[in-house]
Amino acid sequence: MTLVRFGDWPERWARLVAARLRVPFEWGRHDCALWAADVVHALTGFDPGADLRGTYASALQAARVVRARGGLAAIATAALGPPCPPLGVRVGDIGLVRSGDRECYAACNGAHWLAPAQNGLQVVDLDQASACWRVG
């Protein structure tokens, strides 16, 4: 599948980040998988998380869903295509980063990765991505 960004994707990106900046992490509502899916949906109209929504509400349930689908990298690759080189990421691309004791999806804001955390979106250095995917 080839994703194409809306012409006004920068405005859509800015609105999404502003709306989520202070939203705390919550499994099944504002976690890394749904954050990444919401970014892709806002920029392209394609919702790669449509089949995930409503399937989990806890860390244990999320882990079961991820394991059943082959892991976070496999899920992203199935939805977005093969990974891209981390050095070429741009605003809105999705990365797999380390957040505390877990691996999670994050979205590139140009200078950093943004990932859901306890007090809202947290900033993660760009060099912390183990894999990246282009969004449109």
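Where a number appears in this text, it was derived from the coordinates with a stated rule and is not lab data. Remember, predicted model here, so these are calculated numbers, not experimental data. We place every Cβ from the backbone using ideal geometry, glycine too, and count neighbours over all the protein chains shown.
Mean sequence separation of contacting Cα pairs (under 8 Å, at least six apart), scaled by the length of region 5-136, corresponds to a relative contact order of 29 percent. Each residue of region 105-118 was assigned a 3J(HN,Hα) from its phi angle through the Karplus expression (A = 6.51, B = -1.76, C = 1.60, θ = phi - 60°), giving 7, 9, 10, 6, 9, x, 10, 8, 9, 10, 9, x, 9, 3 Hz with x at Gly and Pro.
How big is the equivalent ellipsoid of region 9-133 along its three axes, where each semi-axis is √(5λ) from the Cα gyration tensor, reported in whole Å from largest to smallest?
On the way: eigenvalues 74, 54, 44 Å².
The answer is 19, 16, 15 Å, longest axis first.
Basic side chains Lys and Arg get +1 at the Cβ, acidic Asp and Glu get -1 at the Cβ, and with that the dipole of the chain about its Cα centre reaches some 160 debye.
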